[in-house]
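So the structure is just underneath, and the comments pick up after that.
Just so you know, all these numbers are worked out from the coordinates, no wet-lab data involved. The shown structure was predicted, so the numbers you read here are calculated from the model rather than taken from an experiment. Note that we place each Cβ from the backbone using ideal geometry, even for glycine, and neighbour counts take in every protein chain shown.
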């Protein structure tokens, strides 16, 4: 760890094996695990050329790599071996699970949770409280290796509270509506309406979230969201 | 590596860059690769508070992370970058492949082989000799972010000898029967009968393992299991 | 890093935390990141027993593991945490993305690009200019744990310019034809004709690449390949 970083992060707990590049501002009370890299310079940039800001209370687990040029809010958590490339904006209370990859120019709002081994490509937008399951793959290039890819590339958008089940695939530019639920293993080729539940390959609407019942409670799992009930669920 | 660990593992070969926390018991003849962490304290626990036991002859490859509170039998192997969270029980001769993730409270019996990049969530049960292919995603939460998730969460069960093909997805609580074969890319939404071969999204029974023929031998690949022949296959 | 390696790579830039085993030849101008291992001995081999050759201008990003016995051309790039096991042959200008795994005895020709979190098993052949998307899983064992697996194992072949969309699965022995496009999330169970576009589970031909239109240019994204136009696209 560089001396300049030590100065900037004196109230953080940084494993001795972590590699912190210059110009990293790490919030108070943060914890950085072994074999982590923070402030990795992107292609063409020098170490420290771009600032990296991580808010207070971060828990950055071992083997995580965070590039320079990320702006991350408070309460950030990364799993082991997570990767965040440059120029992303993350809100407060965001978690990026173990072995997940966030490419560059991704916008992630508050309280978004990304589980393990997921892939979120450049220009994706994950709005407040959305959820990405294990192994989900979001895409953004309609035609790989197309010479015009820089013009046509388009990320997916998860509207607030949208949830994407494990191993699902989202095609480029898809918008998953507010509080919609994409079933595990679904391949989503077109926009998903708000509140819809979709499944299959290609994914089709199979029901609405108001039709779901939690086997434990006998109640709708999303009743708080639906406003049908409001008994203090969070 | 801590001194206490050195004392406990004097017949093991531990890379100098590996990080071994206190209260790790590593069996004789074990090999630990570079940038490995063993005994990582789970949330709320202090280093060394929970014992970690790994049987003799383990091969723990580079960048693997094993949390405190695992009890692992003899002949364990991990691939590179494998992750095992806390409170799991693993039998003898278990392998967890490169970049695979085993969450917590998972029970894995003897001779289970988990290939690369797989995901096994909490409360899963993998019985003797079952096999999990590359990129398989097992799930356990019927409704992500449901406020009652702690009550309704339910892992999948692989009965002895069940085999799950690459990139398959198992929905919460699914039981894959003894020696059944789940085809690559299948999305398994309901229980699979013993000996069945399933494929598709959603997965459907397409044949029985007694109908399979190995192109190399011209014989049934699971004839030893089926008891049709017993010529010393292992 | 060993002294012998320092001698062999004096024009390379090697992070101090990287672990370079003996008998690694690293081309001029190469860059090796933190927590990387190069020349890892495969099972049964001693460190340095097998030569590892990496051409000039390689960029080997952090946490990558490259086994001994690889022969890699010029301009190689690996993402973070990539894994290449032994006895592979890679041409020039090949990239292997973050968290991707290349098993052993894989042949990869010039200009092949493998994106993130992909899995390429032993005996696969990826021909010139082919592309493998994020999370693609190629398979090679028709019947997992079959006692005759060593005889019947058969890798997939990507013909020149074939492109495999994110999260797709290829069954053992499949041949994906020249310039064909496999849609994201497809499960490919049989050979794909040259120039075909396939999608679904199981994958079926849905169109030909000559029917595709780039939304940005209004032109066919693969017109240069198709020979319909040749205006200097690369």
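Descriptive notes on the structure:
- Mean projected area of the Cα convex hull of the protein assembly as shown, taken over all directions, amounts to 29.0 nm².
- For the range A:105-234, the Rg and Dmax computed from alpha carbons only, in angstrom: 15.1, 54
- The range B:119-234: antiparallel DSSP beta bridges as a percent of all, rounded to 5: 20 percent
- Test item: B:12-22 mean partner chain Cβ contacts at 10 Å: 2
- Across the copies of the chain, residue B:193 has label points (7 Å from Cα along Cα→Cβ) spaced 3.8, 3.8 nm apart, shortest distance listed first.
- Rounded to the nearest 5, the antiparallel percentage of DSSP beta bridges internal to chain B is 5%.
- For B:208, A:11, A:80, order by how many other beta-carbon atoms lie within 10 Å, fewest first: A:11, B:208, A:80
- For peptide A:64-71, the mean count of partner chain Cβ atoms within 10 Å of a residue's Cβ comes to 2.
- Peptide-level mean, for B:53-62, of C-beta atoms on other protein chains within 10 Å: 1
- Beta bridges per DSSP with both ends in the protein assembly as shown, % antiparallel, nearest 5: 5 percent
- Estimated [θ] at 222 nm from DSSP helical runs (n ≥ 4, -39500 (n - 2.57)) normalised by residues in chain B, nearest 500: -1000 deg cm²/dmol
- For residue B:204, label point 7 Å along C-beta direction: distances to other copies, nm: 1.2, 1.2
- Sorted ascending by nearby beta carbons within 10 Å, beginning with the fewest, A:149, C:176, B:174 become A:149, B:174, C:176.
- Shape of the range C:118-191, Cα gyration tensor, a/c cut at 1.5: prolate
- In nanometers and ordered shortest first, the copy-to-copy spacing of the residue A:29 label point, defined 7 Å from Cα toward Cβ, is 4.9, 4.9.
- The fewest-to-most ranking of B:59, A:188, A:31 by surrounding Cβ atoms within 10 Å reads A:31, B:59, A:188.
- Mean Cα-pair separation over length for chain C, i.e. relative contact order, pairs under 8 Å, 6 or more apart, %: 8 percent
- Distance between the range C:167-195 and the range B:148-227 - C-alpha centres, whole angstrom: 23 Å
- Across chain B the C-alpha pair distances fall into 5 Å bins from zero in the proportions 1, 7, 13, 18, 16, 14, 11, 9, 6, 3, 1, 0 percent.
- Candidates B:215, B:100, B:89: whichever shows maximal mean-square fluctuation once chain B is modelled as a Gaussian network with Cα springs under 10 Å: B:215
- When chain C is treated as a Gaussian network with alpha carbon springs shorter than 10 Å, the biggest mean-square fluctuation among C:203, C:194, C:15 belongs to C:15.
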